[in-house]
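Below: one structure, written as structure tokens.
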């Protein structure tokens, strides 16, 4: 083996029963580099790194660390050998301080085996300063924004002297500014001789942050190449195996004057009783796609659930096509003109135990009724047509929805909702868990819906998706709309600042929770 490689994974194989998740995958990681690992959902990226980290046993192949074979049976063994991993969902104790979270399992002690908290705080502060992470050791983790919580996770690994740091989808919940700070930290770590493995699906970030790029497809590493001169289109083609359009083609929106969705002074509580949506107002018109951008947990879920009739507001009004449906009544919302594509496919969008034809017929039952009976044969025939039209792969009408991949489950939802003649479409995280090739198709469908005269409201945590797809961008922060922009004239940095609660008082910024919308209250025509 070339001595320049800190980690070498050779011919790695991983079976889950009869399913081959990783097949003959090989990758080398050099000291002092940021190495991006990219691929479609299900390509095997996280599985491959979980094998390196000792979370999963490998079926075949070998792993060399500093030129010597290793076989980790647990993350503890990997950590002891200098490999750390920061997962997409953080593993922190919210009620502990930064220092307490960092030292758990490796606590400094003083006489009589007592915890030396002062030493822990001093070590945390020194490590934080060394790597420019700017963390207060005494801060309680629950009070920190998401970007700082991620730094705590990174510092946990560095405290254990990690030479290889694996970051799994690290920017999924970060604002653009927090993402830039993360990239700066990654570069500091690489410059110190550490290796950073960066698992992501965001190609723009791959090009911005990495030194080398490995592409996975169907459980194999299909290429590893230097970042220099590579384009996002080339990476996407390698991931999918064909050319892919990364930005949807669409003509300029020409919205109708009468809104399809008007929300006025809406207040909604979370499951814990806290105010999640705080006096929010907005509107969405036919022939436009409006995107709602925000860091997860700022009221998006509660807002959408209220529109869909799944959550009862405390106060305020929701009008769909001039009708204010009964609150907490999904049927009333649908009858008023709503088609809803929820983010939670398994809990809200689909019955995973039921056949595809049964899922696709939900909401379309009247089309197949003959008196009190459902014409199942006709429903099955229509389902076969939609499976072909929406390219639901590996599916037959009798296949249980739960047997499909996440991306194909999403296509079932889209097929059901977009074939309704609903004037208002809410698409919540429409590309979540969907492959790049399918994202292209989904975006094209939503633009077609817009051009056909529908009003489309997209809620997404992916700013690339928001900017590519939407005509107008709303920013939500702590349950309020704090910005309303034309997507052609606003930049990502501006939206990112508002997502993080940073305002500068310029026109179009509404830190007080106003919408910047033209007389929304006067336009509210409930029941007409």
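The numbers here are math on the coordinates, done by the rules we state, and not lab data. Here the structure is a predicted model, which is why all the values come from computation and not from measurement. No Cβ is skipped: glycine too gets one built from the backbone with ideal geometry, and neighbour counts run over all protein chains shown.
FRET efficiency for the residue 234 to residue 420 pair, using the beta carbon distance and R₀ = 45 Å, is estimated at 0.70.
Maximal additional length on extending the residue 393-residue 129 stretch stands at 90.0 nm, based on 0.36 nm per residue less the C-alpha distance. Here the gap between residue 188 and residue 16, fully extended at 0.36 nm per residue and compared with their Cα-Cα distance, gives a gain of 58.2 nm.
Label separation (residue 93 vs residue 373): 6.4 nm, computed from points 7 Å beyond Cα along the C-beta direction. Mean sequence separation of contacting Cα pairs (under 8 Å, at least six apart), scaled by the length of the range 160-311, corresponds to a relative contact order of 15 percent. Here r is the Cβ-Cβ distance between residue 351 and residue 317 and R0 is 41 Å; the resulting FRET efficiency, rounded to 0.05, is 0.80. If R0 is 56 Å, the Cβ-Cβ spacing of residue 26 and residue 119 corresponds to a FRET efficiency of close to 0.85. Modelled label positions at residue 493 and residue 448, each set 7 Å beyond Cα in the direction of Cβ, lie 3.9 nm from each other.
Round to a whole angstrom and tell me the spacing of the C-alpha centers of the range 349-388 and the range 169-233. About 43 Å separates the Cα centre of the range 349-388 from the one of the range 169-233. Placing a label point 7 Å from the Cα of residue 326 along the Cα-to-Cβ direction, the residues of the range 356-370 whose backbone N falls under 20 Å from that point are 363-366. Measuring between their Cα centroids, the range 11-54 and the range 279-321 lie 39 Å from each other.
Label-to-label distance for residue 270 and residue 109 is 3.7 nm, based on points extended 7 Å past Cα in the beta-carbon direction. Taking the DSSP beta bridges with both ends in the chain, the antiparallel portion is around 55 percent.
Projected onto its three principal axes, the C-alpha set of the range 19-168 covers 49, 34, 29 Å, listed from the longest axis down. Shape annotation for the range 218-295: C-alpha extents along the principal axes are 52, 39, 24 Å, from largest to smallest. Extension gain, residue 140 to residue 64: 0.36 nm times the residue separation minus the Cα-Cα distance gives 23.5 nm. Taking all Cα pairs closer than 8 Å and separated by 6 or more residues, the relative contact order of the chain comes to 15 percent. How many percent of Cα pairs in the range 337-417 exceed 21 Å? Roughly 22 percent, once rounded to a whole number. All Cα-Cα separations within the chain were binned at 10 Å from zero, giving a P(r) of 4, 17, 25, 25, 19, 9, 2, 0, 0, each value a whole percent of the pairs. Only Cα pairs under 8 Å and 6+ residues apart enter the sum, and on that basis the relative contact order of the range 7-240 stands at 30 percent. Compared with the dominant Cα axis of the chain, that is its longest principal axis, helix 376-389 is turned about 50°.
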